[in-house]
Structure formats: structure tokens, C-alpha cells
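The values are calculated or read from the model by the stated rules, or taken from the named source; none is laboratory data. Owing to the predicted nature of the structure, the values given are computational and were not obtained by experimental measurement. Neighbour counts run over all protein chains shown; Cβ positions are idealised from the backbone, glycine included.
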């Protein structure tokens, strides 16, 4: 019985159930210093919006995404790492292509920005 339970948990955490349809949705980052949302849309586009805690728009962009080998690849992405400030201007030179590991457990998705700092985006719808 224990082996069946372990097998079920392992299967539910595998990345084989990740595809372009079920990865789409709205994600929110677990950052302390700002409110960071990421909307993964069809046609391989995403919209990223970052607000300060006092609701001031800090950053917004639209770019492209794809999935490869269990990772979500986002082009023109501004890394957050809890260091985005509302009084700073962000330019195209600040944008990079990122590869976020995708975690899937029991139908819930998380995009991992930084394992060491436990920073991630959680799918909310």
C-alpha cells in the first residue's frame, strides 16, 4: 500500500502532464516587496505586470513564451528576486531570457525563479 502511495505522489509531481494548454493562466509571485503577476496566454504570449505595495505600476511588458523539457522559457523577462524598486526605471537592457523549472503537483503549477530564496510564481487561475 505504501508503495502505491509513493508511486502516486511521484506521478503527480512529474512534468509529463505539463503542456501548452494547462500551463496557461494567471500566476502571482510570492515576493515580499512588490506584487508581481504573470499571465500566460495562448499564442505563446505573456503579460507581466509589477506593482509596488502601494499600487504604483513599476513595470509592464508583453513578450513570448515556450515550454521545453519541463521548463517555461520567457523572453524579455525582468528578474524580480525581491529587488525591483518603484523609483527605478527599467529598460530593455535589463530584460533577459529565463528558464523557469515548472513544478506540478496534484494539478497545481509553480514556476520556480530561485530555489535557494524560495521565490516562485504560483498559478491562481
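Can you confirm whether region 90-106 contains a residue that is over 15 Å from residue 27 (Cα atoms), touching a residue at least 12 places away in the same chain (Cβ under 8 Å) and touching a helix residue (DSSP H, G or I) at 6+ places or on another chain (Cβ under 6 Å)? Yes, region 90-106 contains a residue that is over 15 Å from residue 27 (Cα atoms), touching a residue at least 12 places away in the same chain (Cβ under 8 Å) and touching a helix residue (DSSP H, G or I) at 6+ places or on another chain (Cβ under 6 Å).
In the set 62, 79, 38, only one residue is touching a residue at least 40 places away in the same chain (Cβ under 8 Å) and either more than 14 Å from residue 24 (Cα to Cα) or part of a strand (DSSP E or B) (or both); that residue is 38. Only one of the listed residues (23, 50, 9) is out of contact with any helix residue (DSSP H, G or I) (no Cβ under 8 Å at 6 or more places or on another chain), surrounded by 15 or more Cβ atoms within 10 Å (Cβ to Cβ) and either under 14 Å from residue 123 (Cα atoms) or modelled with pLDDT under 95 (or both). That residue is 23.
With the condition kept exactly as written, say whether any residue in region 59-80 is touching a helix residue (DSSP H, G or I) at 6+ places or on another chain (Cβ under 7 Å) and either surrounded by 15 or more Cβ atoms within 10 Å (Cβ to Cβ) or at pLDDT below 95 (or both). Yes, some residue in region 59-80 is touching a helix residue (DSSP H, G or I) at 6+ places or on another chain (Cβ under 7 Å) and either surrounded by 15 or more Cβ atoms within 10 Å (Cβ to Cβ) or at pLDDT below 95 (or both). Taken over region 82-123, the residue count meeting the criterion of being in a loop (DSSP other than H, G, I, E, B), surrounded by 11 or more Cβ atoms within 10 Å (Cβ to Cβ) and under 13 Å from the mean Cα position of the chain (by Cα) is 0.
Quick one: count up the residues across region 17-35 that are in a strand (DSSP E or B) and touching a residue at least 40 places away in the same chain (Cβ under 8 Å). Number of matching residues: 6.
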